[in-house]
Amino acid sequence: MFFRCLYPLIFVFLSACSSAFIHSPPPADIYRDAKTLGIDQIRTWGDEIPYILRSGNEDAVAQFRQLTTDNLDENGRLKLNLLALSGGGEDGAYGAGLLNGWTESGNRPKFQIVTGVSTGALIAPFAFLGPEYDPVLKEIYTTINFDSLLIFRPLRGLISGISLSDNTPMRKLIKKHITRELVDKIGIEHKKGRRLVVATTNIDAGKSVLWNLGEIAASNNPKALELFRDVLAASSAIPGVFPPVKIHVDIMGEKYDELHVDGGVSAQVVGYPPRVDVDKLEELLGVEVTCSAPILASLF
């Protein structure tokens, strides 16, 4: 709670001092053109039109239509289950416990969309894949505490202007559990139309970024696993406490990198992407759309 209360102050500090963290950010006038793994739909800026609503994306529309067809109830209405996991640091143990208890109750549904911010981003991949990964969540949140995920180095942090601690233990934890096998499973589910999305904050641009982790997992790019892990590390990197995470991007063949931190800086929970034009969506799908979060969340 203490660190979350300091978010605004720490964010300003980090933005002002990030020059000590040597990197090559994209020029301000073209930063929106940056791609990771060379794929447009891997991410959406928090203030831009969702990928499916941009012109020329027939494949994305077709996939969304398949998702709607597979999830119609007996009355022909679209029914999707959305799980939105918020930030909260160590309080993420509550979410992990809730999922375990939900499984034991026998009433836990299969989620078509799972979103996560901060500690919720760390839970999201396991919640997305289902009860099989409940033991992993239980292990993470009952045997590991916040202090064990960082190496506190305040003097070096104040001199460098980057962060007050080293997040090597956190990165090791992510590497241990976010395996090639797990990412491949997420890729398979993504191709069925399901969506796994987490948020980070790009501190160079000062904007929220929504990452389609399923698209990363399904890309078959040799760098996909590394990017998947980097995004999770960034989404839970409390600014000033943990160092920002470098994300490598490309613009017209030129290489740059961005600095990303905790998605909770810009939003504590993600329900659906902003700037949704419902009239255009209905026109694309040829169906009437009710403005519910589960439906709109599928636009990622």
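Read the figures in this text as sums done on the coordinates, not as results from a lab. Note that this is a predicted model, so its numbers are computed, not measured. As a convention, Cβ positions derive from the backbone with ideal geometry for all residues, glycine included, and neighbour counts pool all protein chains shown.
The table for this structure:
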quantity	calculated
Cα-based radius of gyration of the stretch 162-232 once divided by 2.2 N^0.38 Å, which approximates compact folds	1.21
Net lengthening on full extension, Lys246/Glu139 (0.36 nm per residue, minus Cα-Cα)	35.7 nm
Total lysine pairs under 23 Å (Cα atoms) in the stretch 175-269, excluding pairs fewer than 8 apart on one chain	14
Added length on full extension, which subtracts the Cα-Cα distance from 0.36 nm per residue, His23 to Glu132	35.3 nm
Relative packing of peptides 204-213, 134-143 - highest average C-beta neighbours within 10 Å first	204-213, 134-143
